[in-house]
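The values are calculated or read from the model by the stated rules, or taken from the named source; none is laboratory data. Note that the structure is a prediction, hence the values are computed from the model and not measured. Keep in mind that these areas ignore ligands, DNA and RNA; they rest on the heavy atoms of the full protein, side chains included. Shrake-Rupley method; radii C 1.70, N 1.55, O 1.52, S 1.80 Å.
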Amino acid sequence: MAKDRFHNAVRTALEKENWVITADPYQLSVGEVDFEIDLAAELIAAERAGEKIAVEIKSFISRSLVSDFHTALGQCINYQFALNEVDGQRNLYLAIPETIYQSFFQRRFVRSVIDKTQINLLIYEQTQEVIRQWL
C-alpha cells in the first residue's frame, strides 16, 4: 500500500514528542480480514510511559475533501473495531493537516460526525513536522 504524502512528516513529529515507532505500517488481521494502519507507536516519557497509539495519516489533497473524509471515516471505523478485537490498549488517531482541520473540519456536519463517531484527531503541520493538537 502506498504511503500518504505526509507520512514521514507525521512520523518525525511523533518522534520529536518521544514516541517510539513500533510498526510502519501496523498490520493486523481480524476474522480473515487484513488491515494496515499507517503507524503504531509507544510513548516512553515517564509520566505517560506505556501509552500506545495507532495513527492513520491523511493528507486531504484530492479534488474532493468530502470523498477524502468518507475514506478516512470508513477506515477509522473499521480500524477501531479491529483494534478493539486484537489490541484494545491501543488508541487510534486520525492524523490530518492543520490547514484542513482549521477549514474543512470546522464545518458543522464534519464536527458532528467526528463527535458522534468519537474519532481521535492528531493535528499536524507538515512543513515544520510538528503536532499542533491532540483531540
* **Matching residues in the stretch 112-134 - criterion: being not in a helix (DSSP H, G or I) and not polar (S, T, N, Q)** => Ile119, Leu121, Leu122, Ile123, Tyr124, Glu125, Glu129, Val130, Ile131, Arg132, Trp134
* Asked: Scanning the stretch 98-119 for residues that are aromatic (Phe, Trp, Tyr) and open to solvent by 40 Å² or more (accessible area, probe 1.4 Å), which turns out nearest to Ile61 (Cα to Cα)?
  -> Tyr101
